[in-house]
Amino acid sequence: MEKILIAEDDVTILGVITAFLTEAGYQVTTAQNGIEAYHFFQKEAFDLIIMDIMMPSMDGYTLTELIRSTSSAPILMMTALSEESDELKGFDLGADDYIQKPFSYLVLLKRVQVLLRRSNQKEVDKKKLRCGNISVNTETFEVVSAGESIELTKKEFDILALLIRNQKKVITREMILSQVWDFAAIVDTSIINTHMKNLRKKLHTEKIRTIRGAGYKMDE
């Protein structure tokens with residue numbers, strides 16, 4: 001069940017939106033001012049935040065800035081403010097959508113569904129990596145090279161994912177040791193050379209280049 005945080009100081013509007021979204025199958029948490037909403041945000045993760053702009057204690061603009069400093073969760077602003085500059089300010093601060101009061105609750109629901117669908121797709125896309133004819137799924141641990149399914153060890157998989165995420169950048173041995181082995185100091189770094197050799201062989205690729213004196217680089 002997707003979780004939505006609603007910040008709205010008008011109790012009537014807050015109650016109607018809450019009932020409407022709860023009936024639609026969402027888990028809803030409510031706040032009547034920006035500070036209360038930010039308190040809930042710090043305690044748990046939400047899939048979507050809906051907020052009024054003009055709220056006591058902390059307005060929606062400030063709340064958006066605070067949320068955006070640590071989270072990419074979609075934000076839907078709602079307000080009675082009608083100036084274009086108000087709408088643009090919300091987008092500049094990181095809001096994903098904007099709806100003007102009074103609004104249709106069916107339209108609000110549709111906007112919620114669209115924002116959540118886009119957000120979920122972004123999360124799926126983050127798990128799918130590609131470099132040329134090599135594709136990696138970090139959720140299912142599947143690797144395909146030139147249409148062929150490839151079996152990799154866990155360490156080989158983690159190194160490949162790291163290289164593809166940073167393709168065209170040089171990845172040092174220290175970075176690999178730190179992010180794949182979870183520590184930065186190993187006296188014998190030949191273990192990395194062995195893994196790279198195995199990756200090139202299994203993937204039938206020369207995309208993984210050794211940069212002498214620096215590290216490794218994945219070419220597109």
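Report, ordered by chain and residue number, the lysines lying within cross-link reach of Lys217, taken as a straight Cα distance under 18 Å and ignoring same-chain residues fewer than 8 apart.
Lys155, Lys168, Lys169, Lys197, Lys201, Lys202, Lys207
Counting only protein heavy atoms and using a 1.4 Å probe, what share of the accessible area of segment 131-174 belongs to carbon plus sulfur, as a whole percent?
So the carbon and sulfur contribution to the accessible surface is 47 percent.
Counting only heavy atoms of protein chains, what accessible area per residue, in Å², does the chain have with a probe of 1.4 Å?
The answer is 55 Å² per residue.
What's the angle, to the nearest 10 degrees (0 to 90), between helix 84-93's Cα axis and the longest principal axis of the chain?
Value to nearest ten degrees: 40.
In whole angstrom, and with the biggest value first, how far do the Cα coordinates of segment 57-135 range along each principal axis?
Sorted largest first, the three principal extents are 50, 29, 22 Å.
Counting Lys and Arg as +1 and Asp and Glu as -1, what is the net charge of the other residues whose Cβ lies under 11 Å from the Cβ of Asp52?
Surrounding charge for Asp52 is -3.
How much of the DSSP bridge set in the chain is antiparallel, in percent, rounded to the nearest 5?
Once the DSSP bridges in the chain are tallied, antiparallel ones form about 50 percent.
For the chain, find the longest principal axis of its Cα atoms and tell me its angle to the long axis of helix 34-43, 0 to 90°, nearest 10.
For helix 34-43, the angle is close to 30 degrees.
Over all alpha-carbon pairs of the chain, lay out the pair-distance distribution in 5 Å bins, whole %, shortest bin first.
Over the chain, the share of Cα pairs per 5 Å bin runs 1, 6, 13, 14, 12, 8, 7, 8, 10, 9, 7, 3, 1, 0 percent.
The values are calculated or read from the model by the stated rules, or taken from the named source; none is laboratory data. Predicted model only: the values in this text are computed from it and were never measured. Note: ideal-geometry Cβ built from the backbone for every residue, glycine included; neighbour counts use all protein chains shown. Protein only, heavy atoms only, side chains kept; ligands, DNA and RNA dropped before computing areas. Shrake-Rupley method; radii C 1.70, N 1.55, O 1.52, S 1.80 Å.
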